[in-house]
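What follows is calculated from the coordinates using simple rules that are stated; it is not laboratory data. Not measured: the values here are computed from a predicted model. Positions of Cβ are backbone-derived with ideal geometry, glycine not excepted, and every protein chain shown enters the neighbour counts.
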């Protein structure tokens, strides 16, 4: 298939949500996965190289055309939308859920040191987190995790793309030194 | 100690909880988080709680729990360290648990800030499929669904405007010649130019009783003639006048 790149481009444009690699392979029934992946990579570079207003991005386990972030002021003007902003409390709660999932409310509260009912509800409403299940301990607390929409909104390929928590590593090292100090 | 504890800037709303407040105090005093002077921090922390209370703000129970933890740690720090360590190993620093909590919270606070800085969908980046309102220039205040308005809402808008103008002006007798036909022509001309306008916009700067009444009558006349249509986005919302036929 010599025009595979063009086909993939069309598929991604026509798809409503980020289009998964597997899905593209299914549509192009005879195509090899590596071949599709190569074509995708070529497409991504092409868009980058010609400094296009849109870029092909890997988000939430798929590929999607998005406008470049530098151009946001223009697009916003066109759409006249106000971005739904998250409060610091919501953002902190979301970060904890994202890094520590699956997690129950009590664990989030022990990290933040305050009640998180309100931010949790807000995040559920915004569909950034979801109820994954119930923990098998007394009280059967609800377990939370992030959603696919979270990846889409925060421009993440998958959860592994979350940057490492800086302090935690440092913390463990430091704890050892504290212990040494006291020995 | 006193001069250190008196002049705090009050920025209470920025604290996300007791840990956040502690982090703030640590940063403000340029203290090493691994070696917190508990006495100083406890004092400042309690000072803050006083401020919160004096402002009659809702003091979450968590703040009090932290206060008691701090006091507990402070008292433990005062106890002499046993000369011979017990068999279980080293005596733990009474601050260790708090330090761990603070560091953990701090790392998530940073992670949250990092998340917020990412190119967010619908804030920094956009996808293709989102629907766009047809009136691009007005879309900011016009993105709700339009609904047709009844005559009562028009009257109410009229009433709102009349009650807004200064009562004194009502006594003046203005002999300016104005005819409904003039206003109708004026309204139609502006509507074809601007595509849609609110009642307020149609009046422009010249808000006097006569002008309001004439404009109102002109709109009613135009609606009757089916030359314009009036819509509003929600009950009590702004009423927009559209030309009935696209020019």
Rounded D (µm²/s) - the range A:103-165, Kirkwood Rh over Cα pairs, Stokes-Einstein at 4 °C, 1.567 mPa s: 101
Residue order, fewest to most beta carbons within 10 Å, for B:66, A:106, B:188: A:106, B:188, B:66
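What relative contact order, as a whole-number percentage, does chain A give when Cα pairs under 8 Å and 6 or more residues apart are counted? Could you put the intermediate results ahead of the total?
On the way: 185 pairs, mean separation 31.3, N = 183.
17 percent.
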Overall form of chain A per C-alpha gyration tensor (a/c, 1.5; a/b vs b/c): prolate
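Taking only C-alpha pairs under 8 Å that are 6+ residues apart, what is the relative contact order of the range A:4-69 in percent? Please list the in-between numbers first.
Details: 72 pairs, mean separation 24.2, N = 66.
Here the relative contact order equals 37 percent.
Any chance you could run the full-extension gain for residue A:101 through residue A:10? It's 0.36 nm times the residue separation minus the Cα-Cα distance, nm to one decimal.
Details: separation 91, 0.36 × 91 = 32.76 nm, distance 3.57 nm.
Gain on stretching residue A:101 to residue A:10: 29.2 nm.
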Calculated P(r) of the range A:4-69 - Cα pairs past 16 Å, %: 39
Two-site label geometry, residue B:27 and residue A:161: point separation in nm, points 7 Å out along Cα→Cβ: 2.8
Between helix A:166-182 and chain A: long-axis angle, C-alpha atoms, 0 to 90°, nearest 10: 30
Inter-site label distance for residue A:37 and residue B:117 at 7 Å from Cα along Cβ, in nm: 3.1
Label-to-label distance, nm, for residues given as residue A:22 and residue A:45 (7 Å Cα→Cβ offset): 2.8
Choice from A:64, A:101, A:51 showing the highest fluctuation, given a GNM over chain A with Cα pairs closer than 10 Å: A:51
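Would you please give the FRET efficiency between residue B:226 and residue B:201, computed as 1/(1 + (r/R0)^6) with r the Cβ-Cβ distance and R0 = 22 Å, to the nearest 0.05? Present the calculation step by step, with values, prior to reporting the outcome.
Working: r = 22 Å, r/R0 = 0.98.
The calculated FRET efficiency here is 0.55.
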Helix axis angle, A:33-49 relative to chain A longest principal axis, alpha carbon, degrees: 90
